1. According to the square roots a ≥ b ≥ c of the eigenvalues of the Cα gyration tensor, what is the shape class of the stretch 319-384, taking rounded for a/c under 1.5, prolate for a/b larger than b/c otherwise, and oblate for the remainder?
2. Where does each of ILE334, ILE216 land when they are ranked from fewest to most other beta-carbon atoms within 10 angstrom?
3. For the stretch 251-362, what class follows from the C-alpha gyration tensor (a ≥ b ≥ c being the square roots of its eigenvalues): rounded when a/c is under 1.5, otherwise prolate if a/b is larger than b/c, else oblate?
4. With the chain treated as a Gaussian network of Cα nodes joined by springs under 10 Å, which of PRO305, PRO210, PRO173 yields the largest mean-square fluctuation?
5. Check each of the trypsin sites (Lys or Arg not before Pro) in the stretch 346-430 and keep only those in coil by DSSP with at most 13 other C-beta atoms within 10 angstrom; list them in order.
6. Largest first and in whole Å, give the semi-axes of the stretch 17-111's equivalent ellipsoid, each being the square root of 5 times a Cα gyration tensor eigenvalue.
7. Which residue, PRO119, PRO245, PRO316, tops the fluctuation ranking in a GNM of the chain built on C-alpha contacts under 10 Å?
8. Treating only the Cβ atoms of Lys and Arg (+1) and Asp and Glu (-1) as charged, compute the dipole magnitude of the stretch 56-145 about its Cα centre; round to the nearest 20 debye.
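Computed from the coordinates by the stated procedures, all read-outs in this text should not be read as laboratory data. Everything quoted here is computed from the prediction, not taken from an experiment. Methodologically, a virtual Cβ is constructed for each residue, glycine included, from the backbone with ideal geometry; neighbour enumeration extends over all protein chains shown.
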Amino acid sequence: MRVLVCDQIVGDKKDEDAMDGLTVAAAQQCVIEAMKKLGAEAVPLSQVLGRVLAEDIRANRDQPPYDVSAMDGFAIRSADVANASAVLEVIEDIKAGDMPRKMLGVGQCARIMTGAPVPQGADAVVRVEDTAVVDDAQVRIQVAVRPRNDIRDRGESMRNGEVVLNAGTEITPGVVGMLAMVKAAEVQVYRLPRVAILSTGDELEGLDDPFDANKIPDANSYALMAQVQALGITPDLLGIARDEPEHLKQMLQRGLQYDVLLVSGGTSVGVHDYVRPTLEALGVQMKFWRVTMKPGHPMAFGVAPLTWVFGLPGNPVSSMVCFEEFVSPALRCITGHSKLFRSTVTAKLARDVKHKHSRTEFVRVLLSKEGDVLVAMPTGDQGSGILRSMAMAEGLLVIPSSSKGIAAGEQVTVQLLSGTEFQAEAGGGY
Ligand code: AMP
Ligand code: MG
């Protein structure tokens, strides 16, 4: 049963502080339920890799257009070569692109190249390796073959008018090849969202600001930018909003012109955490603002008339992990993908990992091979501000909230942090 988890929480605000938040799975469900595919746009074939087809694609011809040879060799009449070592008269040379001019009679054959049309009268091809030249006009066929041997039938790859690719197909290099085969110079694909990224906090120093040892460099804008780019989308950086309601409001208003707004920091319950109330004042309907996860507890999500809004935690690792768990599947969903979640692998844990609290925990790990076994090794200090252990990580080991800790040698699920493979269900057993 699909539960409207979000509305229960929004409708019961007085309990909000008592609540530890939604589970990761419920929060993901809430986010995905709020998503809607963006419209379609026509894009030239050279730029569609990674996008999702928004239309069915039909073949506009039979391919191959006639019966063709699958090999370089000789087009023959199979009845003529029933006895091995038949010598046949070569009456024609047919290259790919040629049309045969002659019809084979008894005892005759035609030299034929791969992809060239099979002449009338022939019912099989013998590859050149199974023949021997007798002289300019004769060839010895050294094997007996069945009718249709090494002939590719007309329409074998596709039939004129049939649907060869369905709407919803993710465009891989093979799909690009098929699209070219049906001469689709432009295709309808789901459009990409306009994504805005806003960092918040008086303590932040922008990349171009002068060095100030007392400040904290704005890492989140760029880490989030890269995470969005890794999905094939180019975001706009709106900069840094001060912890001051009026300035924050102006910046958020700009962000609400976009399809997706990612705000980092200021979503917690500190006295200077104005993001949530300001978003609400701007008409954003908040769906949730806490998720029982570590890192990433103060994670908010809301919906505005034009915009899906994600309030990500300020701590750099938390912000990145929340992007992986909530924003990435959402961006894949609105761009038409059906596989929303990063691929998972099963690995053997290299050392004990403690787990005390009742939140789902994401541990940054490196992966290596020991023989056939994949081994996951935590990347070091797991503090939510320690970006180095995220920079080194290849995956996130998922520790379900109910776990009492995992011992070295046990099997664990690891969500990969890169790659083009995705899966339909979130892996990790939150
Ligand atoms: P907040 O959620 O605003 O309370 O921020 C939590 C922590 O994350 C604080 O230590 C912030 O300094 C840090 N932080 C917030 N935003 C960023 C950012 N854009 N880049 C790096 N660190 C940040
Ligand atoms: Mg802050």
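1. Taking the square roots of the gyration eigenvalues as a ≥ b ≥ c, the stretch 319-384 is oblate.
2. ILE216, ILE334
3. In terms of gyration-tensor shape, oblate.
4. Comparing PRO305, PRO210, PRO173 in the GNM, the peak value goes to PRO210.
5. ARG351, LYS354, LYS356, LYS404
6. Semi-axes, largest first: 63, 19, 10 Å.
7. Looking only at PRO119, PRO245, PRO316, the biggest GNM fluctuation is shown by PRO119.
8. 160 debye
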